[in-house]
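Q: Okay, handing you the structure first.
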Amino acid sequence: MSDVTRPATTGDTPGGSRGRTAAVIPAAGRGVRLGPGAPKALRTLGGIPMLIHAVRAMARSRAVGVVVVVAPPDGAAEVRNLLDEHALPERTDFLVVPGGETRQESVRLGLEALPADVTSVLVHDAARPLVPVDTVDAVVEAVRDGAPAVVPALPLADTVKEVEPRTGGEPEPVVATPERARLRAVQTPQGFDRETLLRAHEKTAVSGEGATDDAGLVELLGVPVVLVPGHEEAFKVTRPLDLVLAEAVLARRRATDAY
Ligand code: C5P
């Protein structure tokens, strides 16, 4: 692996009329909620770093021609080495750039590195290593069919309350209970027309923790965002119990597929 060594092609578009699809993978988070240890994306699942699972999940889609990994600011060399060590499809170009202080900044740095011939962009959290390729393809297809912003999402099992947040386990006053049937939990990869996503990131400066959802930035432009069905295996590995679930999903796949 090295930074885009193969010539730019429109490999995913046989007619060459449309540009390539890229996947930007923000992987620069520290993952403090998982407990002490390596940055979250570098922790292993089934002996393989979560980031490599996420990269493979994107590259498994034949539509994805370029993958940009946004590494921890001081970990770009380590991430390049990891990509070199693990088998990845020949047809895909890989780039690694250092990330920023917030997810929003990391995504923006990834977007700045996109090759010129990219017209559609997926943004996929390294923390969702097990997203199935069918979900990735469904998002790409909706973008190619003309939707400027596409998000995989699932209905909620839990009822959700809006609260006045308190710290330290203090009781939190409830402000509202949105109707559960109208709520969706959103996942990644989120897919965008490149120009729309760039405009969205340019318009909204990072404030505080920054945006946790790229589609939310597009909504602020007044551009429509649509949802497609997500997948339960696209869950985000955030807390220690999620690691247990991810290992179980991986073990089941390895037992049943040629994974
Ligand atoms: O913290 P959270 O789970 O919301 O992070 C979602 C994704 O954003 C993770 O893949 C994480 O590595 C990435 N991230 C990043 N740069 C940051 C913070 C988070 O790339 N500064």
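The values are calculated or read from the model by the stated rules, or taken from the named source; none is laboratory data. Here the structure is a predicted model, which is why all the values come from computation and not from measurement. Because the Cβ atoms are built from the backbone with ideal geometry, glycine has one as well, and the counts that use them run over all protein chains shown. When the accessible area is computed, the model is the full protein with side chains, heavy atoms only, and any ligands, DNA or RNA have been set aside. Shrake-Rupley method; radii C 1.70, N 1.55, O 1.52, S 1.80 Å.
Q: Quickly run through the stretch 80-96 and pick out the residues that are more than 15 Å from D125 (Cα to Cα) and hydrophobic (A, V, I, L, M, F, W, C).
A: Let us first name the residues in the stretch 80-96 that are more than 15 Å from D125 (Cα to Cα), namely 80-95.
Hits for the stretch 80-96 are L82, L83, A87, L88, F94, L95.
Q: For the list (1) assigned to a helix (DSSP H, G or I); (2) in contact (Cβ under 8 Å) with a residue 12 or more places away in the chain, I need the number of the one condition that P73 fails.
A: (1)
Q: If V55 satisfies every condition in (1) out of contact with any strand residue (DSSP E or B) (no Cβ under 9 Å at 6 or more places or on another chain); (2) open to solvent by less than 20 Å² (accessible area, probe 1.4 Å); (3) under 17 Å from V121 (Cβ atoms) but one, which is the exception?
A: Condition not satisfied by V55: (1).
Q: Go over the candidates R60, R30 one by one and state the one that is away from the ligand (no atom under 12 Å from the Cβ), under 16 Å from the mean Cα position of the chain (by Cα) and basic (K, R). Explain how you work it out, then say what you get.
A: Details: R30 fails: away from the ligand (no atom under 12 Å from the Cβ).
Just one listed residue meets the conditions, R60.
Q: Select from the stretch 6-35 the residues that are within 19 Å of P73 (Cβ to Cβ) and either surrounded by fewer than 15 Cβ atoms within 10 Å (Cβ to Cβ) or modelled with pLDDT under 80 (or both) and list them in ascending order.
A: R30, G31, V32, listed by residue number.
Q: Might you let me know whether the stretch 77-94 holds any residue that is within 17 Å of A59 (Cβ to Cβ), open to solvent by less than 20 Å² (accessible area, probe 1.4 Å) and near the ligand (Cβ under 9 Å from one of its atoms)?
A: There is no residue in the stretch 77-94 that is within 17 Å of A59 (Cβ to Cβ), open to solvent by less than 20 Å² (accessible area, probe 1.4 Å) and near the ligand (Cβ under 9 Å from one of its atoms).
Q: Just to be sure before I move on: is A54 within 16 Å of the ligand (Cβ to nearest atom), on the phi < 0 side of the Ramachandran plot and either within 20 Å of the chain's Cα centre (by Cα) or modelled with pLDDT under 95 (or both) in the structure I sent?
A: On the way: within 16 Å of the ligand (Cβ to nearest atom): yes; on the phi < 0 side of the Ramachandran plot: yes; either within 20 Å of the chain's Cα centre (by Cα) or modelled with pLDDT under 95 (or both): yes.
Considered against the rule, which asks whether it is within 16 Å of the ligand (Cβ to nearest atom), on the phi < 0 side of the Ramachandran plot and either within 20 Å of the chain's Cα centre (by Cα) or modelled with pLDDT under 95 (or both), A54 comes out as yes.
Q: I've got another one for you. Contact list please: Cβ distance under 7 Å, first residue in the stretch 86-101 and charged (D, E, K, R), second residue surrounded by 15 or more Cβ atoms within 10 Å (Cβ to Cβ), pairs at least six apart or on different chains.
A: Between residues of the stretch 86-101 that are charged (D, E, K, R) and residues that are surrounded by 15 or more Cβ atoms within 10 Å (Cβ to Cβ), the close pairs are R91/G11; D93/G65; D93/V66.
Q: So which of V97, V160, V121 is of a type in the set (V, I, T), open to solvent by less than 10 Å² (accessible area, probe 1.4 Å) and either modelled with pLDDT of 95 or more or in a loop (DSSP other than H, G, I, E, B) (or both)? Talk me through it step by step, then tell me what you get.
A: Working: V97 fails: open to solvent by less than 10 Å² (accessible area, probe 1.4 Å); V160 fails: open to solvent by less than 10 Å² (accessible area, probe 1.4 Å).
Exactly one residue qualifies, and that residue is V121.
Q: So which strands (runs of 3 or more DSSP E) stay within the stretch 175-259 end to end and still have 1 or more residues that are surrounded by 12 or more Cβ atoms within 10 Å (Cβ to Cβ) and free of Cβ contacts under 8 Å to residues at least 60 places away in the same chain? First the steps, then the outcome.
A: Working: elements: 184-186, 190-193, 226-229.
Ranges flagged: 184-186.
Q: On the given criteria, is D158 closer than 24 Å to A246 by Cβ and under 17 Å from the mean Cα position of the chain (by Cα)?
A: No.
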